[in-house]
Amino acid sequence: MSQPDVLVVGGGPAGVAAAVALTGMGLRVMLVEQRDRLGGAIHRAYVGAGPSPIQRNAHHQRCWQALLEQVNQAGELLTLQLQSVFLGVEGEGRYLLDDRVAGCVRPVRPKAVVMAVGGVERVLPVPGWELPGVSTVGGMQVQLKETGEAPQGRILVAGSGPLPLALAAQLAAAGNPPLALLERGTPFGMALLQPAAALAGLRSGPQLVEALGYASQLLRFGVPYRTGCTVTAIEAVPQGLRVAVVDRRGRTLVYEVAHLALHDGLEPNQTGLPRQAVAGLPVVWAGDCREVLGADAAIHDGRRAALEVGKILGHPCPQAGFDAPLQSARRLQSALRTLYQAPHPAITPETVLCRCEGLRAASASALQGAASAHEIRVVGRYAMGPCQGRFCARNAQALAAQAGVSFEPLDLHGSVPRWPLRPVSVAALAAYADDASTTP
C-alpha cells in the first residue's frame, strides 16, 4: 500500500474539509470513512434511486456540495478509503484499519494524522429506555435520511436541545408527524431569565433561520411542542410502548406509541483516540470529536486542523483566521446549553445503565469497596461492552462517585487503550497485511 503523507479519519464535514485543504498544500492524503459514502451523520446519503425525498437544510447542502466539488478536484492527491473502520494505533505508529471490502486489517503509517470522527449522542437513562422501539433522535434521523421514509406507526420525540426539533419537523414533512415534541427544559422561560443567552441565539444567523423553518413545519402539521416535560418510564405493551411523562406542573401524561426517539445532547467522541504523538507521528483533532460546535464550525475546524498539520510538516500554509467563526460557534453552543438546561430524570434501581451488558442501577453494589477503575470494569462489567463506554461511562462515573471510587474508563491521561476499539472479525485480523513499511 502506498503510504500517504496525512491520514484523515472521518468523512464528515470536518474530515473532508481537512483532507481537501491538505491536498491544496500538495500533500498526499488518505481519507478514511466507515460508510460507503462521505457525509457523516449530518449528510448521510439516501440509499434509494434519485434525489432524497427527505427535506434537507439548504444552507448545509450548499456547503456540503462545495466540499464535494473540492474532493473531485483533488485528483490523485486524495485517496478515499471507504467502508473502513479505525481500530487503533500500535506502538510503532501504525494506524490499523478494518477494511470491510477487502476483509482484512490494513496498517497505515503516515507522517501525520487528523482525527475527525465526529460526536456521540447522549441519552440519559430512564426505566425502559433499552426496549425495542426506543431509539436516539440522531439514530432515527439517520434512518430517515437513508431510507427516505419515516418509521411506520405513532412516534413520540422527547429529550432536550435543538436536534429533536429538527427530527420532529422532518418526520412531519415525510408524512408521519410525531404525536408531540417534548422538551425537558424550559427554553422560553430561561430566555427571560438569561437574556444574554437569548440574544446570542437570535444572532446566530443561519442556525436561527434553520430553527424557524423547523418551527413553522411543526405549526403547519399541528405538532404540539411542550416544554418542561420529562420522560419518567417506558413500558412495553402489545401495541408498542407506553410512555409516562411528567410535565412542569407535576401532572403525569401517558402516550402509547410504536416509536420513541430520545436525545439529551451531543458530546465529543473521544473514546480511544490518540491524544498525543505516537512514535513521533503528530495527531490533530478536528470537528465534533474535538469540540461540538455544529456543522458550519466543523468545516472551519477541519481547515484549522489542516493548517496545523501543514505547519508541522513544514509546508507553506495560507494564513486564514478561524478563531472568529469558532468563537462565534462556541458562544452559540454556550447559549443553547443555558437555554435548554434542565434537571436529569430520576434513576430507579431497575433502570438499565449499560445497554451493552444489560447492567441496572441495582448492580452498582459491585462498585462498593472497589479499589480501582480496573476492578470496576472487571467486576461490574461497566464500559466493557461493544461501545467501550461511549454511552455508559458517565452513568458509571456518577455511581462510582457516590461509592467514593474514581472511575475514568475513557483514559484521559494521554495513553492509548488496547485496540481494537471497534468489534472486528477474527478473519480480518488473520488476514492482516503488514505493508505499512512501504516508504511514502
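The values are calculated or read from the model by the stated rules, or taken from the named source; none is laboratory data. Fair warning: this is a prediction, and the values are worked out from it, not measured in the lab. Glycine also receives a Cβ, built like all others from the backbone with ideal geometry; neighbour counts cover every protein chain displayed. Side chains included, ligands, DNA and RNA excluded: accessible areas come from the protein's heavy atoms. Shrake-Rupley method; radii C 1.70, N 1.55, O 1.52, S 1.80 Å.
Of note:
- As a fraction of the 1.4 Å probe accessible area of the chain, surface on carbon and sulfur atoms comes out at 54 percent.
- Secondary-structure-derived ellipticity at 222 nm for the chain, considering helices only, amounts to -9000 deg cm²/dmol, per-run term -39500 (n - 2.57) for DSSP H runs with n ≥ 4.
- Isolated cysteines in the chain, defined as those with no second cysteine Cβ under 4.7 Å, comprise 63, 104, 229, 289, 317, 356, 387.
- Most to least packed among 110-120, 245-255 [average Cβ atoms within 10 Å]: 110-120, 245-255
- The residues of the chain have, on average, 45 Å² of accessible surface per residue, using a 1.4 Å probe with all protein chains present.
- The loop-placed GluC sites (Glu not before Pro) in region 296-360, going by DSSP, that have at most 14 neighbouring Cβ atoms within 10 Å of their Cβ come out as 350.
- Remark: the chain projects, on average over all directions, an area of 22.4 nm² (convex hull of Cα atoms).
- Gyration tensor verdict on region 1-130 (Cα atoms; rounded if a/c is under 1.5, prolate if a/b is larger than b/c, oblate otherwise): oblate
- When peptides 188-195, 83-90 are ranked by their average number of other Cβ atoms within 10 Å per residue, the highest-first order is 83-90, 188-195.
- For the peptides 133-145, 327-339, residues were scored by their other Cβ atoms within 10 Å and the scores averaged per peptide; the highest-first order is 133-145, 327-339.
- Overall dimensions of region 1-67 by Cα: Rg and Dmax, Å: 13.6, 40
- For the chain, the share of DSSP beta bridges that are antiparallel, to the nearest 5, is 50%.
- Charged-residue dipole, Cβ positions (Lys, Arg, Asp, Glu), region 86-136 about Cα centre, Debye nearest 20: 240
- Across every pair of non-identical alpha carbons in region 96-197, the mean reciprocal distance, once inverted, gives a Kirkwood radius of 17.1 Å.
- Size-normalised alpha-carbon gyration radius of region 185-335, reference 2.2 N^0.38 Å: 1.44
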